Amino acid sequence: MDAATRRWRTALFLFMLAAGVGMASWVARTPAVRDGLDVSTGSMGLVLFGLSVGSMAGVTSSGPLVRRYGGRAAIGVGASLIVTGLLVVAAGTGLSLAAGVFGGLALFGGGMGLAEVAFNIEGAAVEGVIGRPVLPVLHGCFSLGTVVGALLGMGLTAAAFPVGWHLTVIAVLIAAAAVRAVLAIPHGTGKEEAAETAGPGGLRGQLAVWRDRRLILIGVIVLAMAFAEGAANDWLPLLMVDGYEVSPTAGSLTFLVFASSMTLGRFAGGPLLERFGRARTVRISALFAALGLAVVIVAPSPAMAGAATVLWGLGASLGFPVTVSVAGDHPHDAAARVGAVSTAGYLAFLVGPPGLGFLADHIGLRLAMTVVLAFLIVAATLTGALGSGRSAAEEPAPVTP
């Protein structure tokens, strides 16, 4: 691997680490934000919908932006929105303005959607250059960032440090990491791939790849696995606080356990994929996540529920990066397929969980998580669509209508 490629890969790792810190910093302080805004769980779900609105705009815009200007441009715009969004959330929380937090989350979500879909396209391109898995470790860096962010959030929660100042400091750190990363990423990676694949542009081009039946099944798998991850990211601290009557610090600690398990699963995923192949690894992962989540739902004590989040985190860890990798090593339309699968995953990751808040107003967060459990069981039955551990170029071409 030459020096330029090494800098490229390192830049992706660095920014994903920073993005994970930013996401976990927000998640770990959600109980404090809710208390500062003085809203109910259902109303907090409405505030969180700002993240979903922004994310939908970001992920649906990212593919066309990458195709026209390249991944570096999309990442730069996304990073700017992430930083701005965190600053607006900080201000909205300090002023007790739910609308301000909603708007900040919309900006933050839009930036995350723009940047992370582009990062998946860039990561798949690096895999093609160096011939080794990159996406599991790339997402592992995001998870490692969530561990760091959760630790920081737990400590600052215990110290009653103001949420606004916390998020402001994180925004400054992400801005510094973004500048370093954007300067090292080569120009026009996704743009060049889009030109080579010569498909229709715009929304029509994004939808065209879904004519592949196998890609539809892969999309369902990534939707379910991302939903399982996103539900924990949005609701796990509050689930423990409201469902098991633990302190906010203990709720943050539970999320730290989950994030640590996600990190371990992603960094250890390479040997498992080589030994068991993609389909079996993701099937076992989905079943592990389902088992852990089931225990969290029915556990008689917070200690048992907290311990079960280890299975939940380990199980949810590999679904997203493996499915994106399957899409990326296809011999045709790799960039478009990665963008489509990433979009499906991020929509589930960010749109599904706020809906759980509205359901929780009627049945509670613990029972609302049965929806996530059902999706995981469906995913476990569809993993044959992921094929073996070989690259798609070596596997039979998928059948299209």
Condition met for G155 (at pLDDT 85 or above, surrounded by 20 or more Cβ atoms within 10 Å (Cβ to Cβ) and among the small types (G, A, S)): no
For segment 54-87, name all the residues that are modelled with pLDDT of 85 or more, over 23 Å from R180 (Cα atoms) and among the hydrophobic types (A, V, I, L, M, F, W, C). A57
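Condition check ((1) of a type in the set (F, W, Y); (2) in a helix (DSSP H, G or I); (3) farther than 21 Å from L376 by Cα) across all residues:
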{"position": "A228", "(1), (2), (3)": "no, yes, no"}
{"position": "L239", "(1), (2), (3)": "no, yes, no"}
{"position": "A250", "(1), (2), (3)": "no, yes, yes"}
{"position": "F258", "(1), (2), (3)": "yes, yes, no"}
{"position": "G313", "(1), (2), (3)": "no, yes, no"}
Exactly one of these conditions fails for G92: (1) in contact (Cβ under 8 Å) with a residue 40 or more places away in the chain; (2) surrounded by 21 or more Cβ atoms within 10 Å (Cβ to Cβ); (3) in contact with a Gly (Cβ under 9 Å, 6 or more places away or on another chain). Give me its number. (1)
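Could you grab me the full set of residues in segment 240-265 that are small (G, A, S) and closer than 14 Å to G149 by Cβ?
At the first step, the residues of segment 240-265 found to be small (G, A, S) are 243, 247, 250-252, 259-261, 265.
Result: S252, A259, S260.
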Which pairs have Cβ atoms under 8 Å, sit 6 or more apart or on different chains, and link a residue in segment 286-313 that is in contact (Cβ under 8 Å) with a residue 60 or more places away in the chain and over 14 Å from A231 (Cβ atoms) to one that is acidic (D, E) and not in a helix (DSSP H, G or I)? P302/E245
Give, as residue ranges, the helices (runs of 4 or more DSSP H) completely inside segment 36-143 that count at least 2 residues that are touching a Lys or Arg at 6+ places or on another chain (Cβ under 7 Å) and within 22 Å of W8 (Cβ to Cβ). 41-69
So S43 passes all but one of these: (1) among the hydroxyl-bearing types (S, T, Y); (2) closer than 23 Å to G364 by Cβ; (3) touching a Gly at 6+ places or on another chain (Cβ under 7 Å). Which condition number does it fail? (3)
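Condition check ((1) in contact (Cβ under 8 Å) with a residue 40 or more places away in the chain; (2) on the phi > 0 side of the Ramachandran plot) across all residues:
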| site | (1), (2) |
| --- | --- |
| D35 | no, no |
| A57 | yes, no |
| T60 | yes, no |
| G70 | yes, yes |
Can you tell me which residues in segment 178-192 are part of a helix (DSSP H, G or I), surrounded by fewer than 22 Cβ atoms within 10 Å (Cβ to Cβ) and of a type in the set (G, A, S)? A184
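The values are calculated or read from the model by the stated rules, or taken from the named source; none is laboratory data. This structure is a prediction, so every number in the text was calculated from the model and none was measured. All Cβ positions, even for glycine, are placed from backbone atoms using ideal geometry, and neighbour counts span all protein chains on display.
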